[in-house]
Amino acid sequence: MSRPGSASFGVARQLEIYTRGSQVPVAPEALEQRARELLSPEAFGYLAGGAGAEDTMRANLAAFRRWRIEPRVLCDLSRREWKTTLLGTTLPAPVLLAPVGVQGVFHPDGELASARAAAGLGVPVILSSASSVTLEDVARAMGDAPRWFQLYWSADPEVAASFIRRAEGAGYSAIVVTVDCPILSWRERDLASGYTPFLHGQGIANCLSDPAFCAKLTCAPAQDPKAAIQRFVEIFGNAALTWDDLPFLRRHTGLPIIVKGILRPDDAARAVDAGVDGIVVSNHGGRQVDGAVASLEALPRIVDRVAGRVPVLLDSGIRRGSDALKALALGASAVLLGRLYAWGLAVGGEAGVREVLLNFLADFDLTVGLSGCASVADVRPDLLRFES
């Protein structure tokens, strides 16, 4: 089969599925249902759930349906090429894996499986601070493949600085700081099941292996796990952060800094003025503010306000190639896949993530090509029409 991002990839992937089948359900809805069947109710609820009544989650999906594609025809599509470069990172297509935490509750191999699958296809990974294995272990699993590190900004500045140093030392080429999660939201599914993975010691591997974190404990985490978990809970978020704290990041790294969790044009402008290198328009997959604006709905105004000064990425609600096309046409430089690949992980581990990525990239190739585009540069706003 041809490489992802090239002209014949989508057709070749289709033929492969027709002759050999797909190891995971092709439709995202069926993939989610299969993950539901395999995971415990608590783990599935944690992955699939959102804040409050989950209106924001539904809004994310509905926003894509309000934009319709007006395909161009009789375009030369014989040499389709989706490769792009983003902040020095080469992508076979404008797609990255979003930071999804605590992947060990979805599959025993957790982040290692997702990282290996993405690395094999050249798709960059954004590793969550709240991973089930250390950032160094993920880096070793990926070799030279592209990767960024997502920072949950700890209330302990020494831990935050240590995470940044470790990521830079382990070959991560950008820091993605999440700013929409200074505290955790009211999540009804998790509350109903009485489940959060962190209180079970899951998703805190980076803290347990961090010298700055361990220095504040009276003994090693293995000797008193409860004390380590309690310390994690105390410093996980940082409700005191303000715009004045952003220079802290620049003092601790020369890597590109991307701010994730922006939904307002004025916040986007303020981030750019503060010297960040990129923005991710995101509502955290609907997991933080119930009733928040859909990420896609927020995108055009933010792109307009940023005016090309930094790349703007989008996550929350991406399920199919047509979703990615719409985001790109509205000005996004790339999109992030989240729950989609996590369902693949739950269903088939590394092979499941790989199959999901192959299917998504093939769908992207065919859908964008059939819309009259042969490159990312061809994806422009005039491809879309809004239906209220």
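The values are calculated or read from the model by the stated rules, or taken from the named source; none is laboratory data. Just so we're clear, the structure is a prediction, and the values are computed from it rather than from any experiment. Ideal geometry is used to build each Cβ from the backbone, glycine not excepted, and the neighbour counts take in all protein chains shown. Each accessible area value is taken on the protein alone, full model and side chains, heavy atoms only, with ligands, DNA and RNA left out. Shrake-Rupley method; radii C 1.70, N 1.55, O 1.52, S 1.80 Å.
Annotation note: of ASP304, ASP277, ASP382, the sole residue that is within 30 Å of LEU74 (Cα to Cα), open to solvent by 10 Å² or more (accessible area, probe 1.4 Å) and either modelled with pLDDT under 95 or among the charged types (D, E, K, R) (or both) is ASP382. Within the bounds of the range 23-32, is there any residue that is surrounded by 15 or more Cβ atoms within 10 Å (Cβ to Cβ), on the phi < 0 side of the Ramachandran plot and modelled with pLDDT under 95? Checking the range 23-32: at least one residue is surrounded by 15 or more Cβ atoms within 10 Å (Cβ to Cβ), on the phi < 0 side of the Ramachandran plot and modelled with pLDDT under 95.
Under 18 Å from the mean Cα position of the chain (by Cα), of a type outside the set (S, T, N, Q) and farther than 16 Å from ILE318 by Cβ: is that true of ALA119 in this structure? Spelling it out, ALA119 is indeed under 18 Å from the mean Cα position of the chain (by Cα), of a type outside the set (S, T, N, Q) and farther than 16 Å from ILE318 by Cβ. If we keep just the residues of the range 228-251 that are in contact with a strand residue (DSSP E or B) (Cβ under 9 Å, 6 or more places away or on another chain) and part of a helix (DSSP H, G or I), which is nearest to ARG166 (Cα to Cα)? So the residue we want is LEU249.
Exactly one residue out of LEU15, LEU47 is modelled with pLDDT of 95 or more and under 30 Å from VAL289 (Cβ atoms), and it is LEU47.
The single condition among (1) charged (D, E, K, R); (2) surrounded by fewer than 22 Cβ atoms within 10 Å (Cβ to Cβ); (3) closer than 30 Å to GLU37 by Cα that ASP323 does not satisfy is (2).
For the range 48-58, taking the residues that are surrounded by fewer than 21 Cβ atoms within 10 Å (Cβ to Cβ) and aliphatic (A, V, I, L, M), the one that is nearest to the chain's Cα centre (by Cα) is identified as ALA48. Within the range 226-238, residues that are in contact (Cβ under 8 Å) with a residue 60 or more places away in the chain reach partners that are among the charged types (D, E, K, R) and open to solvent by less than 20 Å² (accessible area, probe 1.4 Å) with beta carbons closer than 9 Å, at six or more positions or on different chains, in the pairs GLU234/ASP156; ILE235/ASP156; ASN238/ASP156.
Might you check whether a residue that is modelled with pLDDT under 95, small (Gly, Ala, Ser) and surrounded by 12 or more Cβ atoms within 10 Å (Cβ to Cβ) occurs anywhere in the range 244-263? Within the range 244-263 (the criterion being modelled with pLDDT under 95, small (Gly, Ala, Ser) and surrounded by 12 or more Cβ atoms within 10 Å (Cβ to Cβ)), the answer is no, since none of the residues qualifies.
The one condition from (1) open to solvent by less than 30 Å² (accessible area, probe 1.4 Å); (2) in contact with a Gly (Cβ under 7 Å, 6 or more places away or on another chain) that GLY45 does not meet is (2). Restricting attention to the range 213-232, the residues that are surrounded by 13 or more Cβ atoms within 10 Å (Cβ to Cβ) and of a type in the set (A, V, I, L, M, F, W, C) total 7. Exactly one residue out of LEU74, LEU61 is open to solvent by 40 Å² or more (accessible area, probe 1.4 Å), of a type outside the set (Gly, Ala, Ser), in a helix (DSSP H, G or I) and out of contact with any Leu (no Cβ under 8 Å at 6 or more places or on another chain), and it is LEU61. GLY291: within 21 Å of ILE126 (Cα to Cα) and either without any contact (Cβ under 8 Å) to a residue 60 or more places away in the chain or not basic (Lys, Arg) (or both), yes or no? For GLY291, the condition - within 21 Å of ILE126 (Cα to Cα) and either without any contact (Cβ under 8 Å) to a residue 60 or more places away in the chain or not basic (Lys, Arg) (or both) - is not met.
Determine if the range 284-300 includes at least one residue that is of a type outside the set (Phe, Trp, Tyr) and closer than 16 Å to LEU151 by Cα. Yes, the range 284-300 contains a residue that is of a type outside the set (Phe, Trp, Tyr) and closer than 16 Å to LEU151 by Cα. Sub-6 Å Cβ pairs linking a first residue in the range 328-356 that is at negative phi to a second residue that is assigned to a helix (DSSP H, G or I) and open to solvent by 20 Å² or more (accessible area, probe 1.4 Å), at least 6 apart or interchain, are ALA329/PRO381; LEU330/PRO300; TRP343/GLU32; ALA346/LEU38; VAL347/ARG34; GLU350/ARG116, ordered by first then second residue.
Residue pairs whose Cβ atoms lie under 9 Å apart, sitting 6 or more positions apart in sequence or on different chains, and linking a residue in the range 65-77 that is touching a residue at least 24 places away in the same chain (Cβ under 8 Å) and within 16 Å of ASP382 (Cβ to Cβ) to a partner that is part of a strand (DSSP E or B) and open to solvent by 50 Å² or more (accessible area, probe 1.4 Å), are TRP67/ARG385; TRP67/PHE386; ARG68/ARG385; ARG68/PHE386; ILE69/ARG385; GLU70/ARG385. Cβ-Cβ distances below 7 Å connect the following pairs, each with a first residue in the range 161-177 that is charged (D, E, K, R), a second residue that is outside any helix (DSSP H, G or I), and a separation of six or more residues or different chains: GLU168/THR253; GLU168/LEU255.
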